[in-house]
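Notes to accompany the following structure.
The values are calculated or read from the model by the stated rules, or taken from the named source; none is laboratory data. Keep in mind the model is a prediction, meaning the values are calculated, not measured. Using ideal geometry, Cβ is built from the backbone for each residue, glycine included, and neighbour counts are taken over all protein chains shown.
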Amino acid sequence: MTATEEHTALTYLRPATATAAGLSARFQPVFDRVADGNVQREQERVFPHEQVRLLKDAGFGRVRIPVEHGGFGASLEQTFDLLADLAEADANVAHIWRNHLAFVEDRLNARPSAGNDRWLQRFLDGEFVGGGWTEANNGTFATLKTTVRRDGDRWLVNGAKFYATGSLYADWLDVIGKGEGDSVLTALVRRDDPGVELIDDWTGFGQRTTASGSANYRDVPAEEGDVFPAGERFVYQGHFYQTAMLSVLAGITRAALRDGIAALKARGRNYPQALDPEPTADAQLLQVVGQVSAHAFAAKAALRTSSGTLDGVATAHADGDETARKQRVLEAEVATAQAQLVIIEAALQATTTIFDALGASGVSETRLLDRHWRNARTLASHNPRVYKARILGDWLVNDKDPVPNLAALGRGGQGD
């Protein structure tokens, strides 16, 4: 494809060319290295800078970029499968990648231009995007306090954000703020600008090393090509952010199963009421493990089904088929909500039930099995599931459109 032909294309999106086996062969050894020391990092709240760097060096940040543009050509289903594998290794590290992968997807959906070409090159060079859109006590876009205002031939960003996930690992920060009038703008600013202040003040009992604290911006410059209307963000952005969290939850479910099996095998004795003196031969304990394995299976199946619907949205957008795109967004909304109900339930059940197969040693801080529940519970609280079943039922019975008006809700499509 010539440069002229490329820039007459609707987007940078292309049909996926990667294979699951090829992606696993490249990234699973890196995930295994990430897994090393994850318990100690959790115990001592050590930020995984080295692990994020390993993933950058392996090219994880360009997994979705088409091969013709220098990436690996993965589908969304394959990408979220990989993210779940990474979460099984370390849930904190996987969640750190949520904002970066979403912004890559956003630029792939954008119309080709010189500015977006620069963004693709930045991704290929390993530059990493973090950030956060949420403001403390902010309800809607109308009440945004952060501003993005023009200053000559550039823009200046001023404001404060919370839940700035991944910011301490980033080269760029994705910020949203009020422009002139009622406009809402996205601005990408450099992490190392002197006007940027990042504060590690995250107090949650889970996601302890994701750098989900606060960010302050004081006259931080943003250049042309790095500022654009928030309304131009990709149409399945909310689904993407939500599915990224579901990927991490699916990985946590598998990690709880893995660590629970290891802990059961390490048990030296059983209780007097047991069916067998050997814990690994006790039918009731084996039943617990079998049930947890079913939770992991359900989470994996739900993730693959829901993420596959996002590939359908991306294809319709790349083809410029607005009718198909609207229908596929509806399908993705339903599938993502259903997957959220299935995966959150599976993760919370698995991370709690697995202790029934263990003795008192299962709660030892040396094993730190509680980290799985803490991380799962924290992620599950980002976008409350309590509303999802009602919304689905209202659609199924009354044909009430389940697709939310994100602009009215003021959540920016991040699913939290």
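Here's a check for you: in the range 353-396, which residue that is surrounded by 19 or more Cβ atoms within 10 Å (Cβ to Cβ) and among the aliphatic types (A, V, I, L, M) is nearest to the chain's Cα centre (by Cα)?
If we take residues in the range 353-396 being surrounded by 19 or more Cβ atoms within 10 Å (Cβ to Cβ) and among the aliphatic types (A, V, I, L, M), then 379 is nearest to the chain's Cα centre (by Cα).
On the given criteria, is residue 80 at pLDDT below 95, outside the structural domain of residue 347 (by TED's automatic domain parsing) and among the aromatic types (Phe, Trp, Tyr)? Outline the logic, then answer.
On the way: at pLDDT below 95: no; outside the structural domain of residue 347 (by TED's automatic domain parsing): yes; among the aromatic types (Phe, Trp, Tyr): yes.
Considered against the rule, which asks whether it is at pLDDT below 95, outside the structural domain of residue 347 (by TED's automatic domain parsing) and among the aromatic types (Phe, Trp, Tyr), residue 80 comes out as no.
Pick from the range 106-126 the residues that are surrounded by 15 or more Cβ atoms within 10 Å (Cβ to Cβ) and of a type in the set (D, E, K, R): which of them is farthest from residue 232 (Cα to Cα)? Break it down stepwise before answering.
Of all residues in the range 106-126, those surrounded by 15 or more Cβ atoms within 10 Å (Cβ to Cβ) come to 106-110, 112, 115-117, 119-120, 122-124, 126.
When the remaining residues are screened for being of a type in the set (D, E, K, R), the result is 106-107, 117, 122.
On the way: 106: 9, 107: 10, 117: 17, 122: 20 Å.
Of everything passing the filter in the range 106-126, 122 is farthest from residue 232 (Cα to Cα).
To keep it simple, each residue is scored yes or no on (1) touching a helix residue (DSSP H, G or I) at 6+ places or on another chain (Cβ under 9 Å); (2) without any contact (Cβ under 8 Å) to a residue 24 or more places away in the chain; (3) within 30 Å of residue 194 (Cβ to Cβ).
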| site | (1), (2), (3) |
| --- | --- |
| 206 | yes, no, no |
| 211 | yes, no, yes |
| 218 | no, no, yes |
| 225 | yes, no, yes |
| 230 | yes, no, yes |
| 244 | yes, no, no |
| 247 | yes, no, no |
| 254 | yes, no, no |
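Can you list residue pairs whose Cβ atoms sit under 7 Å apart, with the first residue in the range 1-23 being of a type in the set (Asp, Glu) and the second being modelled with pLDDT of 90 or more? Count only pairs 6 or more apart in sequence or on different chains.
6/112
Across the range 25-52, which residue is surrounded by the fewest Cβ atoms within 10 Å (Cβ to Cβ) among those that are within 19 Å of the chain's Cα centre (by Cα) and farther than 22 Å from residue 202 by Cα?
Here the residue is 28.
A quick yes/no check of all residues on (1) assigned to a helix (DSSP H, G or I); (2) surrounded by fewer than 20 Cβ atoms within 10 Å (Cβ to Cβ); (3) hydrophobic (A, V, I, L, M, F, W, C):
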| position | (1), (2), (3) |
| --- | --- |
| 252 | yes, no, yes |
| 307 | yes, no, no |
| 325 | yes, no, no |
| 332 | yes, no, yes |
| 336 | yes, no, no |
| 345 | yes, yes, no |
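Go through 92, 109, 99 for me and flag whichever is assigned by TED's automatic domain parsing to the domain that holds residue 25 and in contact with a strand residue (DSSP E or B) (Cβ under 9 Å, 6 or more places away or on another chain). Working first, answer last.
Values: 92 fails: in contact with a strand residue (DSSP E or B) (Cβ under 9 Å, 6 or more places away or on another chain); 109 fails: in contact with a strand residue (DSSP E or B) (Cβ under 9 Å, 6 or more places away or on another chain).
Answer to the selection: 99.
Which residues, counting only those in the range 309-323, are surrounded by fewer than 17 Cβ atoms within 10 Å (Cβ to Cβ) and either touching a residue at least 40 places away in the same chain (Cβ under 8 Å) or in contact with a His (Cβ under 6 Å, 6 or more places away or on another chain) (or both)?
Here is the first cut: in the range 309-323, the ones surrounded by fewer than 17 Cβ atoms within 10 Å (Cβ to Cβ) are 319-323.
Scanning the range 309-323 gives 319, 320.
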